[in-house]
1. Over the range B:214-306, with the other protein chains present, what is the accessible area per residue in square angstrom, probe 1.4 angstrom?
2. Rounded to whole Å and ordered largest first, report the semi-axes of the equivalent ellipsoid of the range A:21-67 derived from its Cα gyration tensor (root of 5λ).
3. Which whole-number value in Å² is the accessible area per residue of the range A:125-231, probe 1.4 Å?
4. Which of the aspartates and glutamates could be linked to B:LYS327 by a straight reach, that is with a Cα gap under 12 Å, when you skip same-chain ones fewer than 8 residues away?
5. Accessible area per residue of the range B:1-154 at 1.4 Å probe, in Å²?
6. With each run of n ≥ 4 DSSP H residues scored as -39500 (n - 2.57), what mean residue ellipticity at 222 nm is computed for the protein assembly as shown after dividing by its residue count and rounding to the nearest 500 deg cm²/dmol?
7. What order do B:GLU93, B:GLU346 take when sorted by accessible area (1.4 Å probe), most exposed first?
8. Put simply, what bits of the range B:81-109 lose 50 Å² or more of accessible area when the other protein chains are there, versus the chain on its own (1.4 Å probe)?
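The values are calculated or read from the model by the stated rules, or taken from the named source; none is laboratory data. The model shown is predicted, which means the values in this text are computed figures rather than measured ones. All Cβ positions, glycine included, derive from the backbone under ideal geometry; neighbour counts span all protein chains shown. Remember, those area values only see protein heavy atoms, side chains included, never the ligands or the DNA or RNA. Shrake-Rupley method; radii C 1.70, N 1.55, O 1.52, S 1.80 Å.
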Amino acid sequence: MADKTETSVNFSSVPVMLLLTLVSLPLVLMYAYLFIDTITNSEAGSLIPNELTLEHWRFLWETRPGKASIWLVTLNTFIFAGGITAVILIVSSMAGYVLSRLNVPARGLLLAGVMVLHAFPSVTLIISIFIVLQYVGLYNSLIGVILVKAAIDMPLGIWLMKGFYDTVPWEIEMAGLVDGASRFTVWRRLVLPQIKPAIMALGLFSFLTGWSEFILPQVLAPGSQVQVLSVYLASLIADDNNFDFATFKAVGVFYVVPVLILYVFFQKHLMNIYGGGTKG
Amino acid sequence: MRILLDKFSKSFGNTKVIEAMDLEVGSGEMLALLGPSGCGKSTTLFAICGIHRPTSGRILFGERDVTSLPSQERNVGVVFQSYALYPHMTVEENIGFPLTVRRLPAGDIKKRVADISALVHIDKLLGRRPAQLSGGQQQRVALARALIRRPDVLLLDEPLANLDAKLRLEMRSEIRRLQKETGITAILVTHDQVEAMSMCDRIAIMKEGEIVQIATPSEMYNDPRTAFVAGFLGNPPISFLKGKALGGAFVSGDGNFRLPLGSLRNVGDGRALTIGIRPEHFGPSGDLAIEGKVAFAETQGRENLYDVVLADGSVLRSIQPVRDDVKLGDCVRWNLSSEAAFVFAEDGRRL
């Protein structure tokens, strides 16, 4: 990735900064108000808040009647996103290696098939998946929806891993074999470490898509015990009786915080998803 | 340990790379597989270390038939052209890896790594990673990794190709030293005749999947079996003149030049012949004068190199002690030693 560009003597960055500030101002304002509205009250029609309050964050310590506890929902979301990440990482790191290195009959067809699956809009499958889950008894369970979401995201992971494995030099594997390592050891101890950046990136990516997934949990796991944050959030607006816009916003902020934290700490790794394999 | 290839053949799909090759490498011997790229020398090497399975034929280490054994059970050490060091491991972990996968106790591994790294002079670099080493150091690590579990055979796949000229010279004698000190049987794959001649006990020269000749370097240089062998060995290379036999002598294409064939005088008149003359046999001394024009002159410090174009357009190369009386474009009348010329038939066989 590009290093931080040094300020050139011939080129002032001030106009560019000004322009960028101007363009992104509406977005910044929206986010700012999203946050401000959760801790203040303002008079109807006014933009200026007139009092500070924590009442919109009450959902953190008070469980509303008929709703699941926010902490259970958060835990569910972590399990959901983490489960997806684990399944995708394990399966695609192995499948990618096999497709990249071993003699697979009809490899081209397989890869093309996987790609087609990726291009398939998952919503079109939702009814049949619903029926299948209902039939095998995984409807309204986290495991069921984790498996479905992981399967739908898998093609991307497999392709990505295969691409990274393709850049690992063959000689490393040959050397491992003549050094006496089994094929599995070669994969585990020699090849896998070469694509660690890709594993990191794919893991983060999977976690983030899992975190923000809405439609699958909404349809396949709507029960209050297995609810995830996106579904919980949606249920707040759907509830016409106690419509509370500020709470909705507060939950939204709460929902977004882990994502922001992940981005702050791992954005460098996430960038790797577009980069290529080993660099020396 | 002796290595024997018995009617070894290898094809990839319909492409036959090597057909019915026989090769024996004596115990403790260092043999070079020399040939142009694509002649099957690396394929042979990979078959010996078990990465390629032979299509047919047998491979024996000592008396043991290893043809169908996987690499892991063959006990060969391989140094790859790119060294194939494991980038995520330190030098110590790299060298110790063959022992680690064998689950030896950590203390033993540490001791043997220390021993072998002292032997190849990298004992001060054990904590570094491959990316922090120079080419020559990486080479030494690769050698140490190949040698650490005392393999039956050491295979070297163009090990010097990625080094600069000075380091190449150094590693040439270094590898030979290690091979002699450990007494290990070694096979060196190379396309560089200087490497093959300077490092090895014997050379097997390959062309299109066949071994053309196996001999010691000096035998092969002085007694090549075909024009291909003669052309491959020697730097600057041998020069060839085309012509035909006439009255017990070789006569060049335009008839200007006659070279008595001596013991080969019985060759039938009119038969097409090629003679090969090494550059050191063409110069001021010799028994047969020939005229030409200097088309290329180069000094190498101690010696000068000349290309002389003859009347019929063919070129003779000459290497001589440095002199500055001959310039590009000069007409010269130099001699060649008729005794030293090689005579080849039309199909390249030496007569």
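1. For the range B:214-306, the solvent-accessible area averages 49 Å² per residue.
2. Those come to 26, 15, 8 Å.
3. Normalised by residue count, the accessible surface of the range A:125-231 is 40 Å².
4. B:GLU298, B:ASP307
5. 41 Å²
6. Details: 18 runs with 259 residues, N = 631.
Helices in the protein assembly as shown give a 222 nm mean residue ellipticity of -13500 deg cm²/dmol.
7. B:GLU346, B:GLU93
8. Those are B:TYR86, B:PRO87, B:HIS88, B:PHE97, B:VAL101, which lose 50 Å² or more relative to the chain on its own.
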